Amino acid sequence: MRRLFSILLSAFLLIGIAPAVNAAGEALNADRASTEFTASALTPCSENARFQERASSASTAKDIARFERYSKASCGDDGLPHLIIGATIEPFGALANRHHEGDILIPAHIFIYIAGIIGWSGREYLRASKQLKNPAENEIFIDFALARQCLIKGAAWPFEANKQGRNGDLREKDENISLNGPR
């Protein structure tokens, strides 16, 4: 069961999808107003007066190209483009609605992966420095050769975390954790 859970968790984190719950069904809430999000306040940027006013002040070719790209988006009353990402109803609905993956999905996964590399590398450095003769000194004065090795190992942190989670090495044993105060 633990192996199945770790595989499913890894798969959902890797793919970036999770089933969304939709409680706005007609049978459940027939007496209540709809809770669906509508973008009725948004208009195409190419038709928005404030956006056109901002676009007319563009002077460089780069700015003009940027405003031409944004003219395909939806703008609010402020004349600024807004991003709308609808929630998926079924677990694999995100695969069908793929036109916003570059806005949030890909950068979020890159951020989580890089943050994981940093965290895992630091964890590996501390674990490796404990095995040396003076671990407290290695926490103050960084051993760059050891840090480089740990950083290279950190690139495979999702697989290492999965492997250590299955082996029981990911977390410290309860008897090794000190408790402060009465329990």
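A few notes on this one:
- From the options 24, 55, residue that is outside the structural domain of residue 107 (by TED's automatic domain parsing), over 24 Å from the mean Cα position of the chain (by Cα), at pLDDT 60 or above and hydrophobic (A, V, I, L, M, F, W, C): 55
- Segments classed as helices (runs of 4 or more DSSP H), wholly inside the stretch 107-174, with at least 3 members that are in contact with a Phe, Trp or Tyr (Cβ under 8 Å, 6 or more places away or on another chain), without any contact (Cβ under 8 Å) to a residue 60 or more places away in the chain and closer than 21 Å to residue 9 by Cα: 157-167
The values are calculated or read from the model by the stated rules, or taken from the named source; none is laboratory data. Just so we're clear, the structure is a prediction, and the values are computed from it rather than from any experiment. Quick reminder, even Gly has a Cβ in these numbers, built from the backbone with ideal geometry, and neighbours come from all protein chains shown.
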